[in-house]
1. Accessible area per residue for the protein assembly as shown in Å², computed with a 1.4 Å probe and the full protein assembly in place, what is it?
2. Based solely on its DSSP helices, what 222 nm [θ] is calculated for chain A when runs of n ≥ 4 H residues each add -39,500 (n - 2.57) and the sum is averaged over all residues, nearest 500 deg cm²/dmol?
3. In the structure shown, do any of A:Lys23/A:Lys167; A:Lys242/B:Lys31; A:Lys229/A:Lys272; A:Lys98/A:Lys359; B:Lys38/B:Lys103 have a Cα-Cα gap over 25 Å, and if so which?
4. Could you work out the pair-distance distribution P(r) of chain A from its alpha-carbon pairs, with 20 angstrom bin width and percents rounded to whole numbers?
5. Between B:Val77 and B:Arg21, take the C-beta separation as r, use R0 = 25 Å, and let me know the FRET efficiency to the nearest 0.05.
6. Okay, helix-only estimate at 222 nm for chain B: each DSSP H run of n ≥ 4 adds -39500 (n - 2.57), divide by all residues, round to 500 deg cm²/dmol; what do you get?
7. Note the full-extension length gain between A:Arg203 and A:Glu77 as 0.36 nm times their separation in residues minus their Cα-Cα distance, in nm to one decimal.
8. Taking 0.36 nm per intervening residue step and subtracting the Cα-Cα distance, what contour gain separates A:Glu351 from A:Asn69 on full extension?
Amino acid sequence: MSIRDQAYIAGIYEHPTRKASDKSVAQLHAESALGALRDCGLSAADVDGYFCAGDAPGGVQMIEYLGLNVRHYDGTEAGGTSYVLDVGHAAQAIAAGKCNVALITLGGRPRSEGVATGTTPRIYNISAPDVQFEAPFGATLVNLYAMSAARHMHQFGTTSEQLAWIKVAASHHAQHNPNAMLREVVTVEDVVNSPLVAEPLHRLDCCVISDGGGALVVVRPEIARSLKKPLVKVRGAAEAVKHSAGGQIDLTSSAAARSGPAAFAEAGVSPKDINYVSIYDSFTITVLTQLEDLGFCAKGEGGKFVADGNLISGVGRLPFNTDGGGLCNNHPANRGGITKAIEAVRQLRGEANAAVQVKDCRLALVNGIGGGALANKHCSATLILERE
Amino acid sequence: MSKSRDIIAPTPSPETEEFWRSAREKRLALKYCSSCKKHHYYPRAICPHCFSDSTEWRDAQGEGTIHAFSVMRRAPVPYAVAYIELAEGPLMLSNLVNCDFNKVRIGQGVRLCFSDFEGGKLPVFEPL
Ligand SMILES: [Zn+2]
């Protein structure tokens, strides 16, 4: 059974906060849920499916806290891409008759809590089998991503300047977003002259650390048509997991190489049909790798593809992350998937900031990478959305 | 010579105790599968290539090449993580030590050595 045309993203909300020391994590989830339900004109009483991930302070607890009455619950954890994956899973649940109105929430406060995101080993579960073979060696998120960048440079001749163009494009978009954490336009020189964090990645190759929240409401077609917002349909969705395969690892590719083609096949479209992309941008190398793996350019050609403003709306061929993305706008709870889906829906509705709105935006792609690092293990989730 | 960084001690499981015991004796113990005739890393009871339970410990030659590395500059003591392509085949996540990080190159040969931490040793590599 395909989920093509079986579900619509009806409600979206990106919490405007970037520092929430005065709010609880559960409250950020709830305020985001309220925002997304108001956005589409539904209420909490209409919700019969709930989706959350590892940032939620307990999934069942969140259902209790929100006062929901659900008949479908999914707490799949796939790191920052969980919410991209959730849209596909919600569409499946709706197509199977398991729910009519699915609510997806995210919220977290890594900025107020002073989490050393990415730069120190983070041990979520000491019994996870990989931990004792990574943490003692000082492997962190940023140096694992950095090794993918180093290998990409070695194998394909990619340069720091080419990677920098990804941040430059994001900053061009963020200047128009009043809620963005970093609104200053930066240059390639600014990026490559910023301090090295983990070679070859500089400080400006890394996303922001922000508190925040977000929510999505996914509904069945009849309900979507009864609401006032422009119709944004889920046309294709897929996920895949890459891992270290017992030591036979390709550091330069992501699981988007499998989730992407599967989503394109379900949607019956190809990369050349896509008007706008939201691409997970924990680091600049994350974007470059996904663009290659999704087929927007050939493997190894990503550096040339992203250079010279090709990702800037109104300038280049493939406008991306027009809210400023995780690199400049927001990376709530260290998880950038939900804001990727939200900005894609804004573009399809024609609700993006005027200066970055893509003209006649009909087809958008969302891709997220999460649950590990680009180099050795992660989940990729791909969505193809269409304005009807 | 680089100053040493603080090492987070591993928490061995019954499945991996042999790996860390060998390291204390300055050996790198790999798992080899007698069914598919391949090594894998990190070590498991059941082979991740063919899912056979016919796996056994074999000491590595202790040689390899640098597949990728990254120097962590934003750390109190800068250190280098690396993927080492072991002579036996698998890539192993480890560290580069006893070298000038500015002179290290991908493709360079390395040999096994050990970093000390409280209660054990970490299998790491030095460029040749
Ligand atoms: Zn085997």
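The values are calculated or read from the model by the stated rules, or taken from the named source; none is laboratory data. Note that this is a predicted model, so its numbers are computed, not measured. Reconstructed Cβ throughout: ideal geometry from the backbone, glycine too, with neighbour counts over all protein chains shown. All accessible areas refer to the heavy atoms of the entire protein, side chains included, with ligands and DNA or RNA removed. Shrake-Rupley method; radii C 1.70, N 1.55, O 1.52, S 1.80 Å.
1. 37 Å²
2. Only helices count here, giving -9500 deg cm²/dmol.
3. A:Lys23/A:Lys167; A:Lys229/A:Lys272; A:Lys98/A:Lys359; B:Lys38/B:Lys103
4. In whole percents, the pair-distance histogram is 32, 61, 7.
5. For B:Val77 and B:Arg21, the calculated efficiency is 0.35.
6. Counting only the DSSP helices, I get -1500 deg cm²/dmol.
7. Working it through step by step, the gained length comes to 42.6 nm.
8. 98.4 nm
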